[in-house]
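**Q** Following this message is one structure expressed as structure tokens.
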There are 4 protein chains.
Amino acid sequence: MKAAVVGGTGYGAVELIRIIQRHPYIELVSVISKSHHGDQVEEVFPHLSRIVSYTMDAYDIHKMEKEADVVFFAAPSGVSKELIPECIEAGLKCVDLSGDFRLQGEELNCLWYNQTPPPEALAEQAVYGLTELYWEAIQESTIVANPGCYPTAALLGLIPVIKNGWGGTSSIVIDGKSGISGAGRGMSLNTHYSEANENVKAYKVGKHQHIPEIEQFLSREHGMEVTVSFTTHLVPMTRGLMCTISLPLEEQVNTKEVIDYYRTFYSRHPFVRIMEKEVFPSTKGVYGSNFCDIGLHADERTGRLTIVSAIDNLGKGAAGQAIQNVNVMNGWDERTGLMHVPVYP
Amino acid sequence: MKAAVVGGTGYGAVELIRIIQRHPYIELVSVISKSHHGDQVEEVFPHLSRIVSYTMDAYDIHKMEKEADVVFFAAPSGVSKELIPECIEAGLKCVDLSGDFRLQGEELNCLWYNQTPPPEALAEQAVYGLTELYWEAIQESTIVANPGCYPTAALLGLIPVIKNGWGGTSSIVIDGKSGISGAGRGMSLNTHYSEANENVKAYKVGKHQHIPEIEQFLSREHGMEVTVSFTTHLVPMTRGLMCTISLPLEEQVNTKEVIDYYRTFYSRHPFVRIMEKEVFPSTKGVYGSNFCDIGLHADERTGRLTIVSAIDNLGKGAAGQAIQNVNVMNGWDERTGLMHVPVYP
Amino acid sequence: MKAAVVGGTGYGAVELIRIIQRHPYIELVSVISKSHHGDQVEEVFPHLSRIVSYTMDAYDIHKMEKEADVVFFAAPSGVSKELIPECIEAGLKCVDLSGDFRLQGEELNCLWYNQTPPPEALAEQAVYGLTELYWEAIQESTIVANPGCYPTAALLGLIPVIKNGWGGTSSIVIDGKSGISGAGRGMSLNTHYSEANENVKAYKVGKHQHIPEIEQFLSREHGMEVTVSFTTHLVPMTRGLMCTISLPLEEQVNTKEVIDYYRTFYSRHPFVRIMEKEVFPSTKGVYGSNFCDIGLHADERTGRLTIVSAIDNLGKGAAGQAIQNVNVMNGWDERTGLMHVPVYP
Amino acid sequence: MKAAVVGGTGYGAVELIRIIQRHPYIELVSVISKSHHGDQVEEVFPHLSRIVSYTMDAYDIHKMEKEADVVFFAAPSGVSKELIPECIEAGLKCVDLSGDFRLQGEELNCLWYNQTPPPEALAEQAVYGLTELYWEAIQESTIVANPGCYPTAALLGLIPVIKNGWGGTSSIVIDGKSGISGAGRGMSLNTHYSEANENVKAYKVGKHQHIPEIEQFLSREHGMEVTVSFTTHLVPMTRGLMCTISLPLEEQVNTKEVIDYYRTFYSRHPFVRIMEKEVFPSTKGVYGSNFCDIGLHADERTGRLTIVSAIDNLGKGAAGQAIQNVNVMNGWDERTGLMHVPVYP
């Protein structure tokens, strides 16, 4: 299978290239960059020299049509909704790592992304690529809206107890903590080393565009409208993302029972690892990998459940899951090219 | 005023020494260390050489009685409850940075600290040293139970809306994030550099000894029993602590009204800084200082209030607040020796 | 004494403001910023709110003439050489933290800074502000060229053995390691968090503008032209700078003798601390302070001397030394407002 | 090929396990741990769960004889010299990541490691595993003394110009900077997070056991005794190691010529990457990989050559090179299982 990557100098693209290089069935045929086309990849990314070698391309639908089977969009929001229509027409499968195809309807897209949604027909064609939940639809799909990093961790943690009714929806609180690569390779004072180091900072409080994404899919799984209180923080590390979730328990279940239920729920899904009782995940445990580690604690004192969910924001939170989705789209084992040991320490 | 510090090689003690060196009215007369008595301070802490110079002492109540007016206990839990009785008898004022005098009653102490409480008469004499809330009682006190780092940030953030009834108590969720100096100078795998760096880790979930401390004082201010869901995390930085708090709003108030109320509430308290609307604190903004920065967001969508509260865990979360309390105990301006600019960047 | 700061949003300026706030004899009357004049300082630097409060000014020589006695230039290279002439004419004392007045002659300035030097008369008036070496000239000066961060650490480490002839000049090798705040508050990919974190990077190899500064003052002290091999590195921390120096020993002296000599050499200088034998400095030992810690090792096997010199790049390497120079210019104790404990841990 | 790993809870072992899991021809049959035998690997290293699964073994030569073909020793110094004799007798190939077999002769071993060397016959059998230099001998070997992390970077950087005589040996200065995982998983105050973070620290000045290792192999390549001035530093990051080297040039060659020569020298060695002119390596560029990146600068002003050499201390500096050596011992392509993209960012 031949793949092209659009948005080739961002961290999502670089992680895609790293994974594809180890993937037995995917070949990288074109890396497209608006700002660097014509440049040799080694000039921009010296860490790739003597491993992969190519000249960055300008976007050219005709060239892609001829050479590629699948296109990954790792560009900022607003790009893929303009380009995917012609890619689909050209018979290319599309995996979009941006937010363009995730939210349904004009209202949500305008409110949270300040842009109009893609054409309705295409939007309906797009499948939300949370692999463990929607793999059946992903198998048949041509457009995958790859989930955001926070929603991946939050939804994998929450959906099991939302689906079976153990979790109440009246006061779901999610605390998100992300490494700074989540903010991308574009420069800003927030991501300037001397400002971000030795610093924890809350940002976009009440305004993060991942709020409606989490709510939309919780609501779908629950059957009724669900809202969440979700606060995001930058923590001083490059990679890694954790969601710490608190919600009321509607049933009197203990930690052991919750753990057993989660293990059953995810028994066919190798990338979700449910921790032992009293063991809680750390982001280092998933560094550079496609795993999502989940720890659980049913608190008798408060009648609430605490869920701690950790991923690599560039792995399961972006490029890893994109490849997992391509594996599913092609009927390959979903572990193909992804079942590697996290980088520890 | 002459001061002794017990537990002289821990981070709390070292920060006390740093602050006392700048304090116009406090003189350090003895630093007591079980493991290092007889050693020159410069051997253990080269950063202090040519600024302060002394030999670390063994604990000796008679020497302290003669030389000191106030004793700071910066030793692990279990030490101060053994030593404070004779210090009080010797006429010394005591500021305890450990947890020994914070929780009331045998049950809580046994459950959360796995130790019996201090003698009841003494325990009743102790005043909880959250300066902004209890400064009147602190003025008259001889034993101050200096608050824990997490409770300082959580209570300063929560108490205003718990006191006036705007905040509901049915689902208070607190997410705590601490720099690693909060775990002290004692070695463990959790604080080993290669394990802690590039890592966010949830720990002591449902079991942290600061849970009952927060609940005890929230309940006192509210009038009824209050429970909280409190989860703690280690983040890869040396100093700094943030509590992100979510609770239901019982009244329809907006962010502006909440901010105005907090500003009034803390108007006489120079170390609590209420941020502007849509500005949220970062731990770097309080680095090395005694400030507590609080950001607020009343969310119309969810009907909940988000409170973000940041301190330096060794400053307002430990040594800074201890000095602030001594200022209050002596009738000095509470800013004395503390009103310094945070270290930025 | 009334002080103005030009370049008010850079890290040098912010550190000056932090030190001046604790200084008993200096009052800050104006902070001048090209990009932010008209803004309240708290908007740009929330960490300063409720401590200092002012509106950032535009540069206005008439206002400065009336209000200030001394001007600190903490702007990029090229600014102070344009402004200092009229400041001197207006009777203001000038302390320049940029490189404009450090190198002598047109050739060096063109080659290493790519700019013409200041007018010769003014250039000759400027005194190089390495306080421990040139305090006598600084006392009489009106323009102080405050040293660069690397030269401060390198020269304080090297000059004693260059002056007494123990150190040979045939193969002086200096390895510089700087925290990332040394690169300033301006954004670049090199200082983007995700690029700089978990990374050591050599930069400007053979081209750093601090090379001629080190050589010029070594040559002056030695009497003959001296060249050095100096390589600079960014290390993943905010503050701190270390120079590790190797040079041949011309005399058979042992470590103890070298240490004794350095202690005598700096005996009247409180900010240079010579470590005990087999103890070597760490940048954390000087964090946030004006100290320079020096460790020494005379190696019998190789006949070479190793000198390890550590400073805070924003302290002794910039703002701290600037204040130390103003203390000397005014005949105050050079420790005034500076003798504070480093922030540890 | 079946492999056992001795010293199974250290960072070297964990990195071996990570690489072996991706290696097509090596199967891990036993992980031996003195402190954890009997434990499930997932309990000690949760990041491995659902990828590899085994119970840690006690050391048992009979079991190893039956099950394994090659043994990796990733234990502290002093262990392998006791165990390798019987392993060799049992027909096992041995790759030793400790220092036991690196230095020749009793004197060096006693002086720098404070221990007697292994039996002379065995010591002579051991081949120094700097793959790019000694691959021919490694092919035939049964014991490989895998190089230390600093010597790997230093020797790969230095040997080309020592061999061809361009580099003079009168004043070779090497400045080493290592991430903290180089100090292992054992706890110490030096590797305690709050002490090591935001800190650069020189250590073991003039005493590091890698000094004689570097000198021994430089001397072998040069033909005459060579000494080096080598100073080591801990820098605040987990992985990565850089050696910055300065030595006199005996020939008038420019940077371009030096680069061309290095490219030719290493043309058959895929893991040494010579950077373009004016480009210098960063440790991030080799993170998690087996590459050694080398940047070069011939300085006309000083007549000296600067060599900057970067590796991952756990990759090419330990486990990566160990696997590379096994590849060579078995006649496989040396890239087998190792040619992966560094983890960036």
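The values are calculated or read from the model by the stated rules, or taken from the named source; none is laboratory data. Here the structure is a predicted model, which is why all the values come from computation and not from measurement. FYI the Cβ positions are ideal-geometry reconstructions off the backbone, even for glycines, and counts take in every protein chain you see. Quick note on the areas: whole protein, heavy atoms, side chains included, nothing else; ligands and nucleic acids left out. Shrake-Rupley method; radii C 1.70, N 1.55, O 1.52, S 1.80 Å.
**Q** Considering every pair of different Cα atoms, what Kirkwood radius, in Å, is found for region C:150-313?
**A** Kirkwood hydrodynamic radius for region C:150-313: 16.2 Å.
**Q** From the P(r) of the protein assembly as shown, can you give the percent of Cα pairs sitting at distances over 54 Å?
**A** 24 percent
**Q** Using a probe radius of 1.4 Å on heavy atoms only, what accessible surface per residue do you get for region B:76-122? Whole Å² is fine.
**A** Computed with neighbouring chains in place, this is 48 Å² per residue.
**Q** Could I ask something else about it? Taking Cα atoms, how many degrees apart are the long axis of helix A:11-22 and the longest axis of chain A, rounded to 10 and kept between 0 and 90?
**A** 80 degrees
**Q** A 30 angstrom limit on the alpha carbon distance is what I want to check against. Which of C:K201/C:K316; C:K256/C:K316; A:K93/A:K177 exceed it?
**A** Going by Cα-Cα distance, A:K93/A:K177 fall outside the 30 Å limit.
**Q** Using the 7 Å Cα-to-Cβ label point, sort the distances from C:E278 to its equivalents in the other copies shortest first and give them in nm to one decimal.
**A** 4.3, 4.8, 6.1
**Q** Excluding D:D333 itself, what net charge comes from residues whose Cβ is under 15 Å from its Cβ, given Lys and Arg +1 and Asp and Glu -1?
**A** +2
**Q** Based on Cα coordinates alone, diagonalise the gyration tensor for region C:1-103, multiply each eigenvalue by 5, take square roots, and list the semi-axes in whole Å, largest first.
**A** Working through the eigenvalues yields semi-axes of 21, 15, 13 Å.
**Q** Report in % the part of the accessible area of chain D that belongs to carbon and sulfur, leaving out ligands and nucleic acids; probe 1.4 Å.
**A** Heavy-atom surface of chain D belonging to carbon and sulfur, 1.4 Å probe: 47 percent.
**Q** Still on this structure, I have one more. Just how many % of Cα pairs in chain D lie over 37 Å apart, if you round to the nearest whole percent?
**A** Cα-Cα pairs in chain D separated by more than 37 Å: 15 percent.
**Q** In square angstrom, what is the accessible area per residue of region C:150-313 with a 1.4 angstrom probe?
**A** That works out to 28 Å² per residue.
**Q** Find how many whole Å separate the alpha carbon centroid of region D:1-52 from the alpha carbon centroid of region B:25-81.
**A** Taking the Cα centre of region D:1-52 as reference, the centre of region B:25-81 is 47 Å away.
**Q** Right, here's the next one. In vacuum, with every alpha carbon of region D:115-163 counted as one equal point scatterer, what does the Debye formula give for log10 I(q)/I(0) at q = 0.26, 0.32 Å⁻¹? Two decimals, please.
**A** Listed by q, the Debye log ratios stand at -0.99, -1.13.
**Q** Moving on. Which distances, shortest first and in nm, link C:M224 to the matching position in the other copies, using label points set 7 Å out along Cα to C-beta?
**A** Distances between equivalent label points, in nm: 2.3, 8.9, 9.1.
**Q** Can you compute the FRET efficiency between A:R220 and C:Q252 using 1/(1 + (r/R0)^6), with r the Cβ-Cβ distance and R0 = 56 Å? Round to the nearest 0.05.
**A** Rounded to the nearest 0.05, the efficiency is 0.10.
**Q** So what's the angle, to the nearest 10 degrees on a 0 to 90 scale, between helix C:210-222 and the longest Cα principal axis of chain C?
**A** Between helix and principal axis, roughly 60 degrees.
**Q** Tell me, which residues of region B:331-345 get at least 30 Å² less accessible area when the other protein chains come in, versus the chain alone (1.4 Å probe)?
**A** With the partner chains in place, region B:331-345 has these residues losing at least 30 Å²: B:M339, B:H340, B:V341, B:V343, B:Y344, B:P345.
**Q** In addition: Filter the GluC sites (Glu not before Pro) in region D:278-345 to those in DSSP coil with at most 15 other Cβ atoms within 10 Å of their Cβ, and list the result.
**A** D:E278, D:E300
**Q** Moving on. For the interface of C with A, what's the total buried accessible surface in square angstrom, probe 1.4 angstrom, rounded to the nearest hundred?
**A** 1700 Å²
**Q** Have a look at A:W332, A:G184, A:L133 and report the one farthest towards the positive end of the charge dipole of chain A, computed about the Cα centre with Cβ charges (Lys/Arg +1, Asp/Glu -1).
**A** After comparing all options, I get A:G184.
**Q** Right, next: Provide a list, ordered by number, of residues in region A:29-59 showing at least 20 Å² less accessible area with every protein chain present than when their chain is taken on its own, using a 1.4 Å probe.
**A** A:P46, A:H47, A:S49, A:R50, A:I51
**Q** Within the P(r) computed for region B:39-86, what percentage of the Cα pairs occupies the region above 17 Å?
**A** The answer is 50 percent, as a whole percent.
**Q** Using only the alpha-carbon atoms, how far is helix D:320-329 inclined from the longest principal axis of chain D? Give it as 0 to 90 degrees, nearest 10.
**A** 80 degrees
**Q** Which residue fluctuates the most in chain D, going by a Gaussian network model with Cα springs under 10 Å, if the choices are D:G168, D:G223, D:G288?
**A** Residue with maximal mean-square fluctuation among D:G168, D:G223, D:G288: D:G223.
**Q** Follow-up question, since we're still on this one. Run the numbers on region D:224-255: which residues show a drop of 50 Å² or more in accessible area, chain on its own versus all protein chains together, using a 1.4 Å probe over heavy atoms?
**A** D:S229, D:P236, D:M237, D:T238
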